[in-house]
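Reading through the structure tokens given below for one structure.
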Amino acid sequence: MTDPRTEIAEQTGIPASALRGTTRDELQAHADQLVALGYSTQRDLSPAEIVDRALGKTSDVDDIVNTALNR
């Protein structure tokens, strides 16, 4: 049987040492929160992307260009 912390870490890309909780459900919930905030080793996010995700914002290049041109 695989350790739940290790299994969840492998599935999400979150280091096992970063996961908090004592039950599988708690570990999974914490991993889900971290993934939603952009923390994962599966894909590197820029600091701006992490902040945007934490604040619930979405932006792309078109938004940035439009904002810059409308000043």
Note to self: For the stretch 12-27, give me each residue that is loosely packed, with under 15 Cβ neighbours inside 10 Å and polar (S, T, N, Q).
What the structure shows: Ser17, Thr22, Thr23
Next item on the list: Please tell me if Arg5 is at pLDDT 85 or above, touching a Leu at 6+ places or on another chain (Cβ under 8 Å), among the basic types (Lys, Arg) and part of a loop (DSSP other than H, G, I, E, B).
Entry: no
Next item on the list: Would you please list the contacts, defined by Cβ atoms under 6 Å and residues six or more apart or on different chains, that run from a residue in the stretch 11-36 that is in a helix (DSSP H, G or I) to a residue that is exposed (fewer than 14 other Cβ atoms within 10 Å of the Cβ)?
Entry: Ala16/Thr6; His30/Arg20
Checklist line | Output for the stretch 20-34, where each listed residue is modelled with pLDDT under 95 and hydrophobic (A, V, I, L, M, F, W, C) | finding: Ala31, Leu34
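The values are calculated or read from the model by the stated rules, or taken from the named source; none is laboratory data. Note that the structure is predicted; figures quoted are calculated from it, not measured. Cβ atoms come from the backbone with ideal geometry, glycine included; neighbour counts cover every protein chain shown.
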